[in-house]
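Step one of this worksheet: look at the structure below.
Each reported figure results from applying straightforward, stated rules to the coordinates on display, with no laboratory input. Bear in mind that the values here come from a model prediction, so they are computed numbers and not experimental data. Every residue, glycine among them, receives a Cβ derived from its backbone with ideal geometry; neighbour counts consider all protein chains shown.
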């Protein structure tokens, strides 16, 4: 896993920038999309800072020229369209395993339009559906006035959960413990956020 120079990325002043950690190690970063012409200069800076791949979570609002801009900056591009309900569950399920592999490997920049809500949803899906994910993500877009709002996260997670076939579960690395573990992880996700909010208060 590449070391990510977070200090140099912080200096870029990316809106909604946050680091993503696993066992206290920085594995990736998140923020707003860098697809606009005014922001694309940042892509080469991310590459220099140790980022290897851009994960674009936008659905119908994604830019067709963005993958080319990433390639020109020496970055790989992965499109993983996510939202709370409009994107087909089957499309997310088809791409879920590759998404999990990318997150597990590290060295990524993940973003939706604002770097908030869909980014929270995607990182939650990684934790809920990946048997090797060790800790829940910290949610930023779903905290309002010091309170956690997670209904749309669980709406999307639930719709995927009920569409998964046995083959899908096996492909993701799950065995017969999945149903019980899914419930436990939902509880852990909520608890983790409230523990984080307690620290902030």
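Taking every DSSP beta bridge with both residues inside the chain, roughly what % is antiparallel (nearest 5)?
35 percent
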> What FRET efficiency do you get for residue 23 and residue 162 if R0 is 35 Å and r is their Cβ-Cβ distance, rounded to the nearest 0.05?
Replying inline: 0.65
>> How high is the relative contact order of the chain? Use alpha-carbon pairs under 8 Å, at least six apart in sequence, and give a whole percent.
In response: 21 percent
> So how far apart, in nm, are the two label points at residue 195 and residue 170 if each is 7 Å from Cα heading toward Cβ?
Replying inline: 3.5 nm
> Between rounded, prolate and oblate, where does region 6-200 land on the alpha carbon gyration tensor, with a ≥ b ≥ c its root eigenvalues, rounded for a/c under 1.5, else prolate if a/b exceeds b/c?
Replying inline: prolate
> Mean residue ellipticity at 222 nm from the helices of the chain, using -39,500 (n - 2.57) per DSSP H segment of n ≥ 4 over the full residue count, to the nearest 500 deg cm²/dmol?
Replying inline: -14000 deg cm²/dmol
> By how many degrees, 0 to 90 and rounded to 10, does the Cα axis of helix 178-200 deviate from the longest principal axis of the chain?
Replying inline: 50 degrees
>> Angle check, please: helix 117-129 long axis (alpha carbons) against the longest principal axis of the chain (alpha carbons), in degrees 0 to 90, nearest 10.
In response: 50 degrees
> Taking Cα pairs under 8 Å and at least six residues apart, what relative contact order does region 1-98 come out at, in percent?
Replying inline: 22 percent
> Given that compact globular proteins tend to follow 2.2 N^0.38 Å, what is the ratio of the alpha-carbon Rg of region 144-201 to that value?
Replying inline: 1.39
> Quick one: helix 89-105 against the long Cα principal axis of the chain, what's the angle to the nearest 10°, folded into 0 to 90?
Replying inline: 60 degrees
> Tell me, what is the FRET efficiency for residue 145 and residue 179 to the nearest 0.05, using R0 = 25 angstrom and their Cβ-Cβ distance as r?
Replying inline: 0.15
